[in-house]
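All remarks here apply to the structure that follows.
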């Protein structure tokens, strides 16, 4: 390794022969401007299927799932599928973003020829939008950009980016599963680099996994944080919230964590405890409080850095604290196993809604990952009660309602036909992306040295 290899920008100064970069995206392969895929309810779609060796270098996504509240004033081909960007107050359309959408679509990434995914998480949570609540995130590996009007909205529109390096030797497959009951629009870029040499055996594979505990099993949730009554020992960590628990060899590189707090006191003060290679308490990594682990102090702050901070602060959305911590310069390495845990309140006295995505690298085979089914993934969110008012039953109301219902039926008939055509077209583009990836691979044959895996690390 030369001196120029050091640092996060070291790779860009070197000429890399035997490499070929490319991109798979949702671009309109007809040459028009409908640059998004439509994924039907209950469908799985493959965004990328690449033959290695290579690595994914960047994933960008944005998506829209609209709840139609009534018929549009314009035809479905103009308003019923794409996002006009016109406020409903103008009377053009009457729809809103599905507030739970980011939890309904699941991201799966498969490495080599494994049948189980190594990345398994709701799409929003993977990129840092926990609880389907929009915000901004400016870290080194993950970036989320949202307009001011969309920030702190459930289901708010945002652009999502991952810069995690994801190497693979034989195959990479990126899949989205729409577990919603309605179709949705998906825009995406997947940038990659292919190479002519396999990676050596010490190159680990990227993993990510979503977890949730709602609620955590607090023994005294109504007691105030830092009160004398909660100052009791925790000498095992057995009831801590679990961020990651896997067997194998690798290194943990961070997490995003959401706490929805119900008691009106501070949800922090829980220590982080990381148990490596089967060790018992006390673990070699024992922290001093929730905010301390995320790089803050004296409660969480409205601040972000490359490595840690707040995505959503409880002062902005009462009860919601979304945080992140990335161990990119300080990975936690394990040889046999790792168990990353955090107390929910000191000695686990609080009962809150916790969810997280853990990110780590490890050697294959991947552990078997599972996530909760959709009803148990839906986020909590405040709902304003409707006024207790019933309009009088008049001929004018009955006539207007019947006319609306008739127009809605006609609108939905035309809209459903357009959706059907768009979904069919997406399947054609899915095949087009597969063919494009295969063409790029053929232009860069794998170098077979006859000496087993060798090459450069990512």
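The values are calculated or read from the model by the stated rules, or taken from the named source; none is laboratory data. Owing to the predicted nature of the structure, the values given are computational and were not obtained by experimental measurement. All Cβ positions, glycine included, derive from the backbone under ideal geometry; neighbour counts span all protein chains shown.
Residue-level analysis places residue 395 outside the set of residues that are on the phi < 0 side of the Ramachandran plot, in contact with a helix residue (DSSP H, G or I) (Cβ under 8 Å, 6 or more places away or on another chain) and modelled with pLDDT under 95.
Residues considered: 134, 149, 180. Of these, the only one that is in contact with a helix residue (DSSP H, G or I) (Cβ under 6 Å, 6 or more places away or on another chain), outside the structural domain of residue 323 (by TED's automatic domain parsing) and on the phi < 0 side of the Ramachandran plot is 180. The set of residues in the stretch 137-155 being crowded, with 18+ Cβ neighbours inside 10 Å and touching a residue at least 40 places away in the same chain (Cβ under 8 Å) consists of 137, 139, 141, 142, 144, 153, 154, 155.
Residue 110 meets each of the listed conditions (1) at pLDDT 95 or above; (2) touching a helix residue (DSSP H, G or I) at 6+ places or on another chain (Cβ under 8 Å) apart from (2). Only a single criterion out of (1) touching a strand residue (DSSP E or B) at 6+ places or on another chain (Cβ under 8 Å); (2) closer than 30 Å to residue 42 by Cα is not satisfied by residue 420, namely (1). Suppose the filter is over 38 Å from the mean Cα position of the chain (by Cα), loosely packed, with under 10 Cβ neighbours inside 10 Å and outside any loop (DSSP other than H, G, I, E, B); does residue 396 pass it? Spelling it out, residue 396 is indeed over 38 Å from the mean Cα position of the chain (by Cα), loosely packed, with under 10 Cβ neighbours inside 10 Å and outside any loop (DSSP other than H, G, I, E, B). Looking only at the stretch 39-74, residues that are on the phi < 0 side of the Ramachandran plot and part of a loop (DSSP other than H, G, I, E, B) come to 10 in all.
Looking at 387, 379, 391, 375, which is the one that is within 24 Å of the chain's Cα centre (by Cα) and either more than 29 Å from residue 118 (Cβ to Cβ) or part of a loop (DSSP other than H, G, I, E, B) (or both)? Only one candidate passes the filter, namely 379.
Is it true that residue 411 is more than 22 Å from the chain's Cα centre (by Cα), modelled with pLDDT under 90 and not in a loop (DSSP other than H, G, I, E, B)? It is true that residue 411 is more than 22 Å from the chain's Cα centre (by Cα), modelled with pLDDT under 90 and not in a loop (DSSP other than H, G, I, E, B). No other residue among 306, 354, 298 is out of contact with any helix residue (DSSP H, G or I) (no Cβ under 7 Å at 6 or more places or on another chain) and either modelled with pLDDT under 90 or not assigned by TED's automatic domain parsing to the domain that holds residue 261 (or both) apart from 306. Scanning the stretch 121-138 for residues that are under 14 Å from the mean Cα position of the chain (by Cα) and more than 20 Å from residue 110 (Cα to Cα) turns up 128, 129, 130, 131, 132, 133, 134, 135, 136, 137.
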